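**Q** Got a structure here, written out as structure tokens. Questions coming.
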Amino acid sequence: MQVQATSSQAESSPQQKVPIHVAIIMDGNGRWAKKRGLPRLEGHRVGVDCIQSLLETLSAKGVQYVTLYAFSTENWNRPEDEVQGILEILYDALRVQTQALHENNVRIVHIGKRGRLSPKLQEAMIYAQELTCGNTGITLNVAFDYGGRDEILEAVRRIIQDRVPVEDVDEELFRSYLFTADSPDPDLIIRTGGELRISNFLLWQSAYSEYYHTPTLWPDLDAQELERVLESFSDRQRRFGRVDPED
Ligand code: FPP
């Protein structure tokens, strides 16, 4: 696996604008499994297997940060056996993949609450994060027990705890209190699985993100479709609330 973020953006054409940060709502694992008569957890397992090639494709294009919405603060409300299964899958993925990701210079960052995870999962997450913290390749933010509203409330609580003077609370300071403080805002948010909603994902950070949705179920998203997504991003005019000089 070659997952090295470079500034040369080697495989993209010179004219293509490449997002620095791509965030993904990986939806559709359950339906993918159901269509095949398999248990939902099998869909999640295959969904995790897709992540490696996704990282390879995005990294080769020059993307430097990828955030994956793996488990939301609301996902605890799923049936107990599915929740436990997802926690096991994450643990196995960390156990099996961390070394390979480290060898490929990937920096792994957990975003979300840590305290509700089992001690062994917390340990695996901390180990992955500490092992890879000095890596200079692509950053992989794993949003696990993550909720955008929860993140904002947590930031407010910590700002108050730190007794930050009111006049110092501006956007720059606020973003430094978010779980994603080390990453730029996402340029592009992709949602698979056909739904048209943001589902409590990166609420603060997505203010000016471009959004792309596809009916493709997450395990079916392949490199060709990802290429089309990046082409679509490249064709968009981002004005960040301004008007074009020629308009
Ligand atoms: C949504 O499919 C997908 C999830 C809830 C993600 C599952 C997360 C993991 C397997 C954890 C591992 C993550 C990493 C980054 C190693 P869905 O169940 O909502 O599908 P549906 O809409 O078809 O029901």
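The values are calculated or read from the model by the stated rules, or taken from the named source; none is laboratory data. Bear in mind the structure is a predicted one, so any value in this text is a computation, not a measurement. For neighbour counting, all protein chains shown are included, and Cβ atoms are generated from backbone atoms with ideal geometry for every residue, glycine included. What goes into the accessible areas is simple: the full protein's heavy atoms, side chains included, and nothing from ligands, DNA or RNA. Shrake-Rupley method; radii C 1.70, N 1.55, O 1.52, S 1.80 Å.
**Q** Evaluate the following for ARG149: is it open to solvent by 20 Å² or more (accessible area, probe 1.4 Å), under 24 Å from ASN77 (Cα atoms), touching a residue at least 24 places away in the same chain (Cβ under 8 Å) and within 16 Å of the ligand (Cβ to nearest atom)?
**A** Taking the combined requirement at face value, the residue does not satisfy it.
**Q** Oh, and also: Would you be able to tell me the number of residues in the stretch 178-201 that are touching a Pro at 6+ places or on another chain (Cβ under 6 Å) and part of a loop (DSSP other than H, G, I, E, B)?
**A** Initial filter on the stretch 178-201 (touching a Pro at 6+ places or on another chain (Cβ under 6 Å)): 187-188, 194.
Adding the requirement that they be part of a loop (DSSP other than H, G, I, E, B) leaves 187, 194.
Matching residues across the stretch 178-201 total 2.
**Q** Touching a Phe, Trp or Tyr at 6+ places or on another chain (Cβ under 6 Å), closer than 21 Å to ILE25 by Cβ and of a type outside the set (A, V, I, L, M): does that describe TYR212?
**A** no
**Q** Of these, VAL83, VAL63, VAL96, VAL106, which one is open to solvent by 20 Å² or more (accessible area, probe 1.4 Å) and either more than 15 Å from the chain's Cα centre (by Cα) or within 26 Å of PHE233 (Cα to Cα) (or both)? First the steps, then the outcome.
**A** Values: VAL83 fails: open to solvent by 20 Å² or more (accessible area, probe 1.4 Å); VAL63 fails: open to solvent by 20 Å² or more (accessible area, probe 1.4 Å); VAL106 fails: open to solvent by 20 Å² or more (accessible area, probe 1.4 Å).
Among VAL83, VAL63, VAL96, VAL106, only VAL96 is open to solvent by 20 Å² or more (accessible area, probe 1.4 Å) and either more than 15 Å from the chain's Cα centre (by Cα) or within 26 Å of PHE233 (Cα to Cα) (or both).
**Q** Scan the stretch 31-42 and report the pairs whose first residue is loosely packed, with under 15 Cβ neighbours inside 10 Å and whose second residue is in a loop (DSSP other than H, G, I, E, B), with Cβ atoms within less than 9 Å and a gap of 6+ or a chain change.
**A** Once the first residue is loosely packed, with under 15 Cβ neighbours inside 10 Å and sits in the stretch 31-42, its partners that are in a loop (DSSP other than H, G, I, E, B) give LYS35/LEU217.
**Q** Could you grab me the full set of residues in the stretch 159-189 that are of a type in the set (Asp, Glu) and farther than 26 Å from TYR69 by Cβ?
**A** Scanning the stretch 159-189 gives ASP162, GLU167, ASP168, ASP170.
**Q** Any residue in the stretch 163-170 that is touching a Ser or Thr at 6+ places or on another chain (Cβ under 6 Å) and open to solvent by less than 60 Å² (accessible area, probe 1.4 Å)?
**A** Looking through the stretch 163-170, none of the residues is touching a Ser or Thr at 6+ places or on another chain (Cβ under 6 Å) and open to solvent by less than 60 Å² (accessible area, probe 1.4 Å).
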